[in-house]
Amino acid sequence: MDSRRTSVVEKSLTAITTGSKKSAYCLAAMRPRQWTKNLVVFAAPLFAFSINLQSLLGSLLAFILFCCASSSFYLINDIADVESDRQHPVKCKRPIAAGLVSIRIASGMALVLLGSALIFGWLRSPQLGGAITAYALLQIAYNLRLKRMVILDVGAIATGFVLRAYAGAAATGIVLSAWFLLCTAMLALFLGIEKRKAELRLAQIKGNKPRSVLKYYSLPLLCRMENVVTTGTVVTYALWSAGSYLHGASTSFMLLTLPFVLYGIFRYQLLSDPQEIANYGDNHPEQGGRSERPEEVLLKDLPILVTVIGWILTCFVILWLKNQGMIE
């Protein structure tokens, strides 16, 4: 009798352990690290100084829905590229390429995630549903064609961030400032260009170009594009933070946050330059710089993380002072 009970317990524990591992593999296949990109949906209430329970819940819903939508396309991409990923020294470790998650399960997950995001988005509001639908169509166009078209590939990446920002406003009923949208677009273009620059430097070091679009880019071209977009990002943010008389922030004290933005941009540019990183002692040049993976920069680079936290805390202090009537 005891041996039977022991056998049942062992089988139960084995089943639980196996189920936990499968769940962990499925979660890893959804690339949760990439979800940091979807934090942009919280920018609308923060930039509008509309921080309350209703706006936070609306932004949280938009965040969850965009995580579902983006993860569905990561799964679809990994399914489509499973054979080539198995030949890649790094991508072969992804759950689908490694055979830890079957294509059938991954396909079902992608369908459920994307369907849920679209259904709940449209139920919440036509604007939110439209933003998620537009994002889905953009991802389809990007994967089928745009990612191989020079300049348009970076524009598609930036458009994805703008749609996230718009979704955050749509989920909370906030009217967006034109400067907010322009600043978001410029910052997204900046991140896209920095990503391509880091990828190109890595390709030059290793002697290959894993992305076909990289053959159309050169470092001088990307540097010129970077200069234009960096200037646009700083100018649009400065004009927004200058105050309400420029139809921007509700208080000109937001100019106090400009140094955080400047430092964050310059730090990110440093991370996109492998040689500078090697000199700085922060990374190895053969890794190509972490700026080709924005989610890792946000989570792992301490100066960037401190800058983001400092910017958020300064915004909240200014908001509190304004609500107390201590500043205008």
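The values are calculated or read from the model by the stated rules, or taken from the named source; none is laboratory data. All values reported here derive from a predicted model rather than from experimental measurement. Here Cβ is always computed from backbone atoms with ideal geometry, including for glycine, and neighbour counts include all displayed protein chains. What goes into the accessible areas is simple: the full protein's heavy atoms, side chains included, and nothing from ligands, DNA or RNA. Shrake-Rupley method; radii C 1.70, N 1.55, O 1.52, S 1.80 Å.
Results, tabulated for the structure shown:
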item	result
Any chance Leu219 is open to solvent by 20 Å² or more (accessible area, probe 1.4 Å), touching a Pro at 6+ places or on another chain (Cβ under 9 Å) and within 19 Å of Tyr268 (Cβ to Cβ)	no
Flag if Leu60 is under 21 Å from the mean Cα position of the chain (by Cα), under 30 Å from Leu313 (Cα atoms) and surrounded by fewer than 22 Cβ atoms within 10 Å (Cβ to Cβ)	yes
Region 41-57, residues that are over 22 Å from Phe253 (Cα atoms) and open to solvent by less than 40 Å² (accessible area, probe 1.4 Å)	Val41, Ser55
Residue check, Arg201 surrounded by 14 or more Cβ atoms within 10 Å (Cβ to Cβ) and among the basic types (Lys, Arg)	yes
Of all residues making up region 222-260, the number that are touching a residue at least 24 places away in the same chain (Cβ under 8 Å) and either surrounded by fewer than 14 Cβ atoms within 10 Å (Cβ to Cβ) or at positive phi (or both)	2
Single unsatisfied condition, Gly108 versus (1) open to solvent by less than 30 Å² (accessible area, probe 1.4 Å); (2) modelled with pLDDT of 90 or more	(1)
Answer from Glu276, Glu226, Glu295, Glu286 - the residue that is among the acidic types (Asp, Glu) and at pLDDT 90 or above	Glu226
Residue match in region 132-140 (condition: closer than 30 Å to Gln269 by Cβ and either in contact (Cβ under 8 Å) with a residue 40 or more places away in the chain or more than 17 Å from the chain's Cα centre (by Cα) (or both))	yes
